[in-house]
Amino acid sequence: VQLQASGGGLVQPGGSLRLSCVASGLTFRSSSAGWFRQAPGKEREFVAAIREGNSATRYSDSVKGRFTISRDNAKNTLYLQMNSLIPEDTAVYYCAGRNYWTVQYYASQHWSYWGNGTQVTVSS
């Protein structure tokens, strides 16, 4: 299984970025997918997740209303649209996958597959 994340970069506060994660080696449409992030000196934290099937979504309180997670099963691709970015969003962002939904979607240890990280820096 491979998850390849891209789309990070440097953006000013209030700006937007869209992250992408291309999956291979798994049946993407039957898999749950998510985004986590890790800032320097901090633990990896949950950002957003999307369920297989009905594409139900979950967000952390810190990004709710600003970030949108989505998926394109035909392209085996996961997205994270990030709007109204603030400096506290600065982190390395990781995409994650697992074979089916878990109610503990917010816990990194419950995800089976991890992509490379992509750096997001919010600064003026």
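The values are calculated or read from the model by the stated rules, or taken from the named source; none is laboratory data. None of the values given here were measured: they were computed from a predicted structure. Don't worry about glycine lacking a Cβ; one is built from the backbone with ideal geometry, like all the others, and counts go over all protein chains shown. Accessible surface areas use protein heavy atoms only, side chains included; no ligands, DNA or RNA. Shrake-Rupley method; radii C 1.70, N 1.55, O 1.52, S 1.80 Å.
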Using the Cα gyration tensor of the chain, the equivalent ellipsoid's semi-axes, largest first and to the nearest Å, work out to 22, 14, 13
Expressed per residue, the solvent accessible area of the stretch 5-58 in Å² (1.4 Å probe) is about 50
Those trypsin sites (Lys or Arg not before Pro) from the stretch 18-116 that are DSSP loop and have at most 14 other Cβ neighbours within 10 Å turn out to be Lys42, Lys64
The stretch 53-73 and the stretch 93-108 have their Cα centres apart by a whole-number Å value of 12
With every protein chain in place, the accessible area of Trp114 for a 1.4 Å probe, in Å² rounded to the nearest 10, comes to 80
Computed over the chain, the relative contact order (Cα-Cα under 8 Å, seq sep at least six) in percent reads 36
In the chain the DSSP beta bridges are antiparallel at a rate, in percent to nearest 5, of 95
On the accessible surface of the chain, probed at 1.4 Å with all protein chains in place, carbon and sulfur together account for a percent value of 44
